[in-house]
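K.L.:
There's a structure below that I have some questions on.
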Amino acid sequence: MTFPSPLSQPHPGAGAPIATAADTISSLPVPPRKGRTASIWVIGVLVLVLVALVGYFLDAIGPAASIIGMILALIPLAVVLIAVRLVDKWEPEPRSLVIMAVAWGAIVAVGLTLGVDMLLSLVWGANDSVAGEAFASVIQAPIVEELAKGLGVFVIFASARRAFDGPIDGVVYGALVGAGFAFTENIQYFAVSLIEGGVEQTTVTFFVRGILSPFAHVMFTSVTGFALGLAARRGLAPRNAVGYWIVGMLGAMLLHALWNASAVFFDFFALYVTLQIPLFILFILGVIALRREEARLTRVRLADYAAAGWFTVQEVEMLATGQGRRAAMAWARSLPGDRRAVMKGFIADATGLAAARQRSLSGRDPAAAEDEAVLLTRTAAARAVLFAR
């Protein structure tokens with residue numbers, strides 16, 4: 001046997017393999033998905049309504065105009081989804097529920113609205129008078145559309161309550177449902193404008209709906225989501241949250257009616273500047289306030305674990321502020337091998353741990369203790385990887 005140097009020692013045995021830092025994370029447990037995913041029956045409903053909706057668009061508008069309308073409608077949808085992602089960045093909602101919320105708004109809510117409108121036309125007959133169109137725009141549309149969209153938010157609240165922790169989650173789900181609804185509605189508006197007025201009318205319609213008001217439906221349905229988020233934060237069961245849901249939808253209907261009335265009875269652009277823009281600013285300020293409340297709650301709940309020795313006080317402060325998280329990501333990048341992915345997982349698991357603690361304290365989630373155990377294991381392992389040299 002040859003040795004690399006006179007001082008080297010023989011190694012007749014085989015040492016245990018040394019796992020890499022990344023391998024340490026891969027075998028960790030994950031929180032159960034039950035109560036955080038879209039129900040199979042909801043997916044079935046979405047597929048059935050989608051088939052009917054596609055048939056309606058192809059028959060009523062035609063494939064060419066529908067495709068062009070869809071391409072144009074994707075632009076404001078992308079802007080809204082980016083904005084919602086920024087709001088949801090603190091504790092991102094499960095991807096399956098994000099997709100379900102957008103799909104509900106784009107498919108089921110639109111299908112329900114069209115179905116009700118057709119039924120009312122059959123019962124009452126077509127009314128093309130000025131009064132009839134004003135009633136349909138200011139009264140009928142806000143009630144029917146917000147009820148259809150609000151039903152989707154309530155379905156998420158009832159079927160995926162473990163991913164519906166508070167007001168900010170409700171605002172996110174409501175915004176996503178509203179964004180989906182606006183997407184499909186825009187397809188119809190843009191396509192009809194193209195058929196009736198060509199490029200010029202389509203440009204005007206795109207400016208009004210895609211530039212001036214891409215967040216209109218988002219704001220309306222977020223009110224419903226906010227109300228259900230309050231119910232979630234207070235640990236209410238779905239049957240006890242119906243009152244919150246109704247109050248939220250009434251607020252959404254009122255805002256929707258005010259928006260439509262500004263176009264029917266008043267100077268839209270004047271009211272847009274004097275009323276709608278201030279309302280939108282208030283909406284943004286409200287979201288910022290909710291985000292700060294989420295950060296405060298994260299700090300309070302993680303402090304419970306710090307008192308038990310799971311986190312340091314410095315780690316709690318880092319996890320509970322945006323500035324602290326950015327600094328942590330920068331530090332993780334400077335570590336050997338660039339450990340930002342590990343730090344990102346550590347931050348996500350710690351935030352989920354705070355939410356699980358809150359659900360446990362509210363008594364609304366019997367499985368929260370299981371989540372806590374899993375997430376504590378994951379955060380402890382991530383810390384070990386981050387400090388490994």
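K.L.:
From ALA216, ALA257, grab the single residue that is farther than 14 Å from LYS149 by Cβ and of a type in the set (Gly, Ala, Ser).
P.N.:
ALA257
K.L.:
Mind listing whichever residues of segment 317-354 are small (Gly, Ala, Ser) and either closer than 16 Å to THR377 by Cα or in contact with a Phe, Trp or Tyr (Cβ under 7 Å, 6 or more places away or on another chain) (or both)?
P.N.:
Scanning segment 317-354 gives GLY345, ALA348, ALA350, GLY352, ALA354.
K.L.:
Then there is this: With respect to GLY178, is the statement that it is part of a helix (DSSP H, G or I) and surrounded by fewer than 21 Cβ atoms within 10 Å (Cβ to Cβ) true?
P.N.:
For GLY178, the condition - part of a helix (DSSP H, G or I) and surrounded by fewer than 21 Cβ atoms within 10 Å (Cβ to Cβ) - is not met.
K.L.:
Do the conditions hold for GLU317, that is, is it charged (D, E, K, R), touching a residue at least 24 places away in the same chain (Cβ under 8 Å) and not assigned by TED's automatic domain parsing to the domain that holds VAL223?
P.N.:
Judged against the criteria, GLU317 is not a match.
K.L.:
Is it true that some residue in segment 341-356 is in contact with an Asp or Glu (Cβ under 8 Å, 6 or more places away or on another chain), under 19 Å from ALA237 (Cβ atoms) and crowded, with 20+ Cβ neighbours inside 10 Å?
P.N.:
The answer is yes; a qualifying residue exists.
K.L.:
Confirm whether GLY324 is buried (at least 16 other Cβ atoms within 10 Å of the Cβ) and farther than 30 Å from ALA237 by Cα.
P.N.:
Yes; evaluated as a whole, the condition is true for this residue.
K.L.:
Quick check on segment 304-335: of everything there that is assigned to a helix (DSSP H, G or I) and among the hydroxyl-bearing types (Ser, Thr, Tyr), which residue is nearest to the chain's Cα centre (by Cα)?
P.N.:
TYR305
K.L.:
Moving to a separate point now. Looking only at segment 113-133, filter to residues that are surrounded by 12 or more Cβ atoms within 10 Å (Cβ to Cβ) and polar (S, T, N, Q); which one of those is modelled with the highest pLDDT?
P.N.:
So, considering only residues that are surrounded by 12 or more Cβ atoms within 10 Å (Cβ to Cβ) and polar (S, T, N, Q), the one modelled with the highest pLDDT is THR113.
K.L.:
Please go through (1) surrounded by fewer than 24 Cβ atoms within 10 Å (Cβ to Cβ); (2) at pLDDT below 90 for ASP165 and return the number of the only condition it doesn't satisfy.
P.N.:
So ASP165 meets the others, but not (1).
K.L.:
Among VAL264, VAL300, which is more than 18 Å from ARG357 (Cα to Cα), more than 23 Å from the chain's Cα centre (by Cα) and β-branched (Val, Ile, Thr)?
P.N.:
Testing whether each residue is more than 18 Å from ARG357 (Cα to Cα), more than 23 Å from the chain's Cα centre (by Cα) and β-branched (Val, Ile, Thr) leaves just VAL264.
K.L.:
For PHE346, indicate whether it is modelled with pLDDT under 90 and of a type in the set (Phe, Trp, Tyr).
P.N.:
no
K.L.:
Does segment 178-198 hold any residues that are aliphatic (A, V, I, L, M) and more than 17 Å from ILE75 (Cα to Cα), and which are they?
P.N.:
Matches in segment 178-198: VAL192, ILE195.
K.L.:
Considering only segment 181-191, how many residues are buried (at least 24 other Cβ atoms within 10 Å of the Cβ) and among the polar types (S, T, N, Q)?
P.N.:
1
K.L.:
Going residue by residue through segment 324-346, is there one that turns out to be in contact (Cβ under 8 Å) with a residue 40 or more places away in the chain, β-branched (Val, Ile, Thr) and under 20 Å from PHE387 (Cα atoms)?
P.N.:
Within segment 324-346 (the criterion being in contact (Cβ under 8 Å) with a residue 40 or more places away in the chain, β-branched (Val, Ile, Thr) and under 20 Å from PHE387 (Cα atoms)), the answer is yes, since at least one residue qualifies.
K.L.:
Applying the selection to segment 352-379, what residues are touching a Leu at 6+ places or on another chain (Cβ under 7 Å) and among the hydroxyl-bearing types (Ser, Thr, Tyr)?
P.N.:
Those that are touching a Leu at 6+ places or on another chain (Cβ under 7 Å) and among the hydroxyl-bearing types (Ser, Thr, Tyr): THR377, THR379.
K.L.:
Checking VAL172 against (1) buried (at least 24 other Cβ atoms within 10 Å of the Cβ); (2) out of contact with any Asp or Glu (no Cβ under 7 Å at 6 or more places or on another chain); (3) among the aliphatic types (A, V, I, L, M): exactly one of these is not met. Which one?
P.N.:
Result: VAL172 fails condition (2) only.
K.L.:
Turning to a different aspect of this structure: Does any residue in segment 273-287 that is surrounded by 14 or more Cβ atoms within 10 Å (Cβ to Cβ) come within less than 8 Å, Cβ to Cβ, of a residue that is not in a helix (DSSP H, G or I) six or more places away or on a different chain, and which pairs are these?
P.N.:
Partner pairs satisfying both residue conditions: GLN276/SER213; PHE280/PHE215; PHE283/PHE215.
K.L.:
Condition first: of a type in the set (Phe, Trp, Tyr) and buried (at least 17 other Cβ atoms within 10 Å of the Cβ). Can you find one or more residues in segment 329-338 that meet it?
P.N.:
So far as segment 329-338 goes, no, none of its residues is of a type in the set (Phe, Trp, Tyr) and buried (at least 17 other Cβ atoms within 10 Å of the Cβ).
K.L.:
To continue, here is another question. Scan segment 350-363 and give yes if some residue there is among the small types (Gly, Ala, Ser), in contact with a Lys or Arg (Cβ under 8 Å, 6 or more places away or on another chain) and modelled with pLDDT under 85, otherwise no.
P.N.:
So far as segment 350-363 goes, yes, one or more of its residues are among the small types (Gly, Ala, Ser), in contact with a Lys or Arg (Cβ under 8 Å, 6 or more places away or on another chain) and modelled with pLDDT under 85.
K.L.:
Exactly one of (1) over 30 Å from ALA65 (Cα atoms); (2) buried (at least 24 other Cβ atoms within 10 Å of the Cβ) is unmet by LEU236. Its number?
P.N.:
(2)
K.L.:
A follow-up question, please. Could you list, in sequence order, all residues of segment 282-332 that are farther than 27 Å from LEU230 by Cα and among the hydroxyl-bearing types (Ser, Thr, Tyr)?
P.N.:
The one that is farther than 27 Å from LEU230 by Cα and among the hydroxyl-bearing types (Ser, Thr, Tyr): THR312.
The values are calculated or read from the model by the stated rules, or taken from the named source; none is laboratory data. Bear in mind the structure is a predicted one, so any value in this text is a computation, not a measurement. For neighbour counting, all protein chains shown are included, and Cβ atoms are generated from backbone atoms with ideal geometry for every residue, glycine included.
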